[in-house]
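Worksheet for the structure shown next.
Just so it is clear, none of the values below were taken in a lab; they were calculated from the coordinates. What you see is a predicted model; the values in this text were computed from it and never measured. Note that we place each Cβ from the backbone using ideal geometry, even for glycine, and neighbour counts take in every protein chain shown.
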Amino acid sequence: MACPETKKHSSTKRKFLLFCASIAALYPIGRFIGYSIPRKPRIIEIGKPIPIGGFHLGTDFILFDNGDITWALSRKCTHLGCTINFHEKENILECPCHQSRFSKEGMVIHGPAKKALTRYKVEKLKNNGGYIVTI
Ligand code: FES
């Protein structure tokens, strides 16, 4: 006959194992439906203006300013995640890994990438004092 103390431990252990099994069962379901924990946005300040029609190459993004519109694109290729480069002469972004090409607006020109580049929010500072990019 089991003592009451052993029964209590056994019940707690069972509940704990049930909890772990529930988490283990929910994880693949969460991945399947595409759930991910949203990350905290990073705010990057560029303290000087870029010339009209010019660009600023950041580590994770590229910023364009055509005078009226300012936009920033992720440098992470949407194919397999390599860092893309900007070819100023051709006015295109190109991935060095498999040569996907993107327009300055981030649209796919040539695959294998199928999705456009991620756009980031850009705030132009007053008196042409620079930019704030939220990635
Ligand atoms: S990782 Fe960019 S084209 Fe494949």
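Between Gln99 and Ile69, full extension at 0.36 nm per residue minus the direct alpha carbon distance yields a gain of 8.1 nm.
Which of the aspartates and glutamates could a cross-linker span from Lys15 if the Cα-Cα distance has to be under 20 Å and same-chain partners fewer than 8 positions apart are dropped? Candidates past the 8-residue exclusion: Glu5. Rounded to the nearest 10 degrees, the inclination of helix 4-32 to the longest alpha-carbon principal axis of the chain is 30 degrees.
Relative to the current alpha-carbon distance between Lys114 and Ile33, full extension at 0.36 nm per residue lengthens the span by 27.1 nm. Around the Cα centre of region 43-134, unit charges on the Cβ atoms of Lys, Arg, Asp and Glu (plus for the first two, minus for the last two) sum to a dipole of about 200 debye.
When each of the peptides 81-93, 61-73, 111-123 is scored by the mean number of other C-beta atoms lying within 10 Å of its residues, the order from highest to lowest reads 61-73, 111-123, 81-93.
Each of Glu90 and Lys124 was given a label point 7 Å from its Cα along the Cα-to-Cβ line. The distance between the two points is 2.9 nm. Altogether, the Stokes-Einstein calculation at 37 °C and 0.692 mPa s, with the Kirkwood radius of the chain over Cα pairs as Rh, returns a diffusion coefficient of 178 µm²/s.
The calculated pair-distance distribution of region 74-135 uses every alpha carbon pair, bins of 5 angstrom beginning at 0, and gives 4, 19, 26, 19, 14, 10, 5, 2, 0 percent.
Straight-line cross-link reach from Lys115 at under 17 Å between alpha-carbon atoms covers these lysines, not counting any fewer than eight positions away in the same chain: Lys76, Lys104.
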